[in-house]
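The values are calculated or read from the model by the stated rules, or taken from the named source; none is laboratory data. This is a predicted model, so every value here is computed, not measured. Cβ sites come from the backbone with ideal geometry, for glycine too, and all protein chains shown count toward neighbours. Surface accessibility is based on the protein's heavy atoms, side chains included, excluding ligands, DNA and RNA. Shrake-Rupley method; radii C 1.70, N 1.55, O 1.52, S 1.80 Å.
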Amino acid sequence: LGRALTALMPDEPEVHALLALMLLNDARSDARFVNGVAVPLSEQDRALWDRSEMEKGAEALQRALALGGRGPYVLQAAIADLHAEDPPDWQQLAALYGELAHLTGSSVVELNQAVAIAEAGNVDAALGLVEGLELDRYHYLHATRAELLRRLDRRDEARAAYKRALELVQRHHDGRPRARQ
């Protein structure tokens, strides 16, 4: 689909970026799960990544950038490309997530920005961003908040945030609230 669209619209940066995003994500598909369990990107076996597909994805991203693209697919493809670096450039990732959040208005993207800010070394700023997000029913917010609080050695608050994340996961899993334990 992506290749067909680039043939139909060769001067559209978002089309090239969509192709890049598809290729970059698909290139890591063999490493995403081990025995049915999701593997975080940082722990994936990079030998399982399809390097040829990643190179094609990077080329499509470069074409999108050369065409002056700064839309959401360009930003997402650039983020996917940077995440493949070892180690990732967390400051650049934080900046790109910030641009994407501004462009889309997505609180989930802001949560990703907060993670990148923390990985870049500013846990306090990351926590400040997380504290301002209105995602109370989103377990990843609470899990992220818990990890940031743990890093700041605020263990009681971290424990409560982990507990809230777990409650939300359990509620989502069976569709009904769990009794407090």
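Residues in segment 78-124 that are among the charged types (D, E, K, R) and surrounded by fewer than 17 Cβ atoms within 10 Å (Cβ to Cβ): 85, 86, 89, 124.
With the requirement that a residue be aliphatic (A, V, I, L, M) and open to solvent by 40 Å² or more (accessible area, probe 1.4 Å), what does segment 39-60 give you? Answer for segment 39-60, where residues must be aliphatic (A, V, I, L, M) and open to solvent by 40 Å² or more (accessible area, probe 1.4 Å): 41, 47, 48. So the check is Cβ under 8 Å with 6+ separation or different chains; which pairs have a first residue in segment 88-103 that's in a helix (DSSP H, G or I) and a second one that's of a type in the set (Lys, Arg)? Final answer for the pair search is 99/70.
Is it the case that residue 66 is under 22 Å from residue 6 (Cβ atoms) and of a type outside the set (D, E, K, R)? So residue 66 fits the description; yes. Evaluating residue 42 against the criteria (1) outside any helix (DSSP H, G or I); (2) modelled with pLDDT under 95 leaves one unmet condition, (1). Before we move on, is residue 73 touching a helix residue (DSSP H, G or I) at 6+ places or on another chain (Cβ under 7 Å) and touching a residue at least 40 places away in the same chain (Cβ under 8 Å)? Yes: the conditions hold for residue 73.
Filter segment 162-181 down to the residues that are open to solvent by less than 80 Å² (accessible area, probe 1.4 Å) and outside any loop (DSSP other than H, G, I, E, B), then identify the one that is modelled with the lowest pLDDT. Applying the filter and picking the extreme gives 174.
Whether a residue is assigned to a helix (DSSP H, G or I), surrounded by fewer than 17 Cβ atoms within 10 Å (Cβ to Cβ) and in contact with a Pro (Cβ under 7 Å, 6 or more places away or on another chain) was assessed, and residue 159 does not pass this test.
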